[in-house]
Every structure is written in C-alpha cells, then in structure tokens.
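As structure tokens, the structure follows; a few thoughts come after it.
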Amino acid sequence: MNPSPLPAPLPAPPACTAEPSHWDQRYRDRADGWELGRPAPPLELFLRTHPLAPRTPGTVLVPGCGRGHEAALLEALGFRVIGLDFSGEALDAARGLHGPDRPGLRWLQADLFDRPALEAAGLAAGRLTGIVEHTCFCAIDPGRRDDYIATACRLLAPGGWLLGLFWCHGTPGGPPWGSDPQTVAAQLGRAGLVAEIWEPASGSVAQRQDEWLGLWRRPVATAAGAGTPTMLKPLADRLRTWGFSWEGLRDNRHGEWWVVGQMVLIAAHALPPTPPPSALGIHWPLALRLLGGLIFLTGLGVGGQGALNLGASLTPLPEPIPGAPLVTEGAYARCRHPLYQALLICSLGVAIALGSLLHLGLLLALATLLRLKARREERRLCLLHPGYAEAMASTPAIVPFVPGLDWRVCSDPA
C-alpha cells in the first residue's frame, strides 16, 4: 500500500519587517510602493522655499533613506549628509543613482536601533545638526516609535532639528503603518522636542493626501542640562511647550512679536490717567469709577472661564499648540476668542474707572492688535482644524456685532 502523501508544506511566513532581508527582497522585487523617483515634494518645497527651513552648514541624517533622493537633495543644498538604511539593496540603488561616498554624502548600512553600530560609525550622542524623516517612521513597527524618537533625541545636538513628513493615514495594517497628527505630536512632545511647525503638508502626491509636515527642535537649555535656575524651570518648560524661542523673538516665526506688543499695551494700563479728568475741569463721578471696577472684574471672570475651557490648548501665541484639540464649548461657544474679549473688557473698565484719554487710546490700540493677532491665529486654525470653518460661520469673533471685532467668514480670514 502506498503511503499517504505528505501534506503540502505551508507557505513560509513573510520575513519580519524588522529584518534587512525583508526589505532587500522588496527592493529586488520592485515592491517599493513608497518610491517616488525623486525627493518627496512637500519636503523639497519646504527646504527650498520656506523661511523657517533649516540652514546650512550642518550634519544631517536621513534614516531609512531608501534610494537616497532626500539625502542627495540635502547634499545639493549644502549639508553634510548621512543616508542610513539597513537594506544593502537600497543602498546599492542609492549609490547607483547618486554616486558613491564623498565628503558631502555618506551611505551607511546599519540598524537605526543598534546603538553600538551607530557609535562605531561616528554617530555618537549629540553629533547631528538635523534629521530628515520620510517613510521610516511609518515603516517600523508602531511599538518602536518611541524608540525611534528617543534615538533621534539622543543623536541631535542641543538646538538640533527633526524635519519630518509623516503619513497620517487611517488604513489598518502596515507597513506603511498609519498614525494620527495628535498622537505623533504628543509622542514628540513627550520626548522633549518643541514644535516649530506642525501642519498638513503642501504638494503631496495624489496617493498621499494625509501627510503632515513638522519641524521640531531639541531645546538648547534642556539638552545641555543647564542654564535655567530651578525655580524658573517650570516657567521655561511652559514657554517651550507654547513654542517660544529666542529664534522666534528674532524672526516672529510663531507670532512672538504680537505677544510682545500685547504685553506692552497691557503693562501701559498701569500708567496714571493722562490727562487726569481734573486737568480738564471734570470731576469724575464715583459711580463711573465703581462701574469701571465692575467691568474690570467681569473681564477677569470671562478670561478665567476661557482659560479653563482651553486647558492644555492654552497658549498666548497665535500659533496653536501642535496636536492640541479644537475647543468650541463653554466660553468658546459664545465667541471664538474669549481671552481677547476679556482683555478688551478689562481695558474698557480701566478707561472708565480712570476717565483717561490715554487709556481710551490704549483700548483702541489693544483692539486693533488683538484683531490682527486673531486673524493670523484663525488662518492656522482653519488649516489645522477643518471643522473650525463652521465655528467661524456661526460664532462671533471677539465682540459680537462690533465692526472690526466680529467676522464670521472662513473663506478669507486674512
């Protein structure tokens, strides 16, 4: 009797995506759907034209560089570049397209998570000026993303930057593994990186309309472990969370100049009444002084409610905190900028209480500044939160029905 035939062997499981052999085979089979044949358009557009784009010189790492298009672009822009991939097939293709190692561009086959291998190749802690991320973050197992971010933070020098194009799609499975903008922002923020830009990408190819572009920086003081007195550290941490930086004070990248102007006008309210009512032959009634005080207290109450409603989304800058949720409830259901409304109510209260033409002028100046600041803020909110258009169409801006302080159109908040 013939023996029973052996069952057909089961197909071998696919190679683990954490193994170089998996990616080598995909390159050999041309199963590389991420390949664009050129640098990612949003990254190239940003690096070539954006005023906040990192400037040369500096040493930049491109992890998971693949065929090396972004690495070659960075070299052409004047950076010293290391294109890293643990797939030998990928690096062979990169060399064929962009040339062998040279002073401005080096190809390195290594695992990004293999610290001894990186250090042996000269990538010790704090050696990099910048890192450019594209398709590596979405290719690794999501469970290792915190390891990826920790590695980036370790390699970056104080003040170093991470420029990334993140594919925030919601399709199950992977690679490419999906993510969402708030989660990515939270992960990077927990690691101590400070966002300078976090927004939907411009110029993405048709099949990648869910890309987000971010520029994040390792704080100088935090990375150096010094420079901030212990008692001021909570304040310094809060300012970094909001997005304040010395660079921003120089170039207004997050609207820092608006905040400075706002603080100057607020501080000026402490000046004495000019001219005092008595100099004009007017006896300022006690009733108006009391009314002004009541209005001032009302403004404090409106501001307190608005701050509580915002919670972690609170920032004095017109640049929303990356990943922070949109708030449209509580005080924000009555007007879109209750904190600005509160400042104007307080300013009005001071002007009435003092009977001062100077303080009336400060009120008008503050109203003008806050109007312009709010419009800048709303351009960013419309970009980051598509649902904000509905709030703009139905909810008053700062003061209901006051010309210049109430606009309810999202098509052109400029």
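By how many degrees, 0 to 90 and rounded to 10, does the Cα axis of helix 233-242 deviate from the longest principal axis of the chain? Roughly 80 degrees, rounded to the nearest 10. Principal-axis analysis of the Cα atoms of the chain puts helix 286-310 at an angle of about 10° to the longest axis.
Each of V81, V259, V220 was scored by other Cβ atoms within 10 Å of its Cβ. Arranged with the fewest first, they read V220, V259, V81. Based on the Kirkwood radius over alpha-carbon pairs, what is the Stokes-Einstein translational diffusion coefficient of region 55-130 at 4 °C with 1.567 mPa s viscosity, in µm²/s? The diffusion coefficient I find is 106 µm²/s. Using a cutoff of 8 angstrom between alpha carbon atoms and counting only pairs six or more residues apart, the relative contact order for region 20-218 works out to 19 percent. Between the beta carbons of A307 and A267, assuming R0 = 22 Å, the FRET efficiency works out to 0.70 to the nearest 0.05. The stretch between A365 and R238 holds 42.9 nm of extra length on full extension. This uses 0.36 nm per residue minus the Cα-Cα distance. Distance between the 7 Å Cα→Cβ label points at A279 and A31: 8.3 nm. Listed from fewest to most Cβ neighbours within 10 Å, the set D210, D85 follows the order D210, D85.
Among beta bridges identified by DSSP and lying wholly in region 20-218, the antiparallel ones come to about 45 percent.
All distinct Cα pairs of region 255-414 go into the 1/r average, and the inverse of that average, the Kirkwood radius, is 16.5 Å. Compared with the rule-of-thumb size 2.2 N^0.38 Å for a compact globular protein, the chain has a Cα radius of gyration ratio of 1.26.
Here the scattering of region 20-218 is modelled by Debye summation over its C-alpha atoms, one equal scatterer each and no solvent; at q = 0.15, 0.18 Å⁻¹ the log10 of I(q)/I(0) is -0.89, -1.40.
Seen against the Cα atoms of the chain and their longest principal axis, helix 145-155 is set at about 80 degrees.
Looking at the chain, the DSSP beta bridges with both ends there are about 45 percent antiparallel.
Throughout, read-outs are computed from the coordinates displayed, never taken from laboratory work. Owing to the predicted nature of the structure, the values given are computational and were not obtained by experimental measurement. A quick note on method: Cβ atoms are made from the backbone with ideal geometry, for glycine too, and the neighbour counts reach across all protein chains shown.
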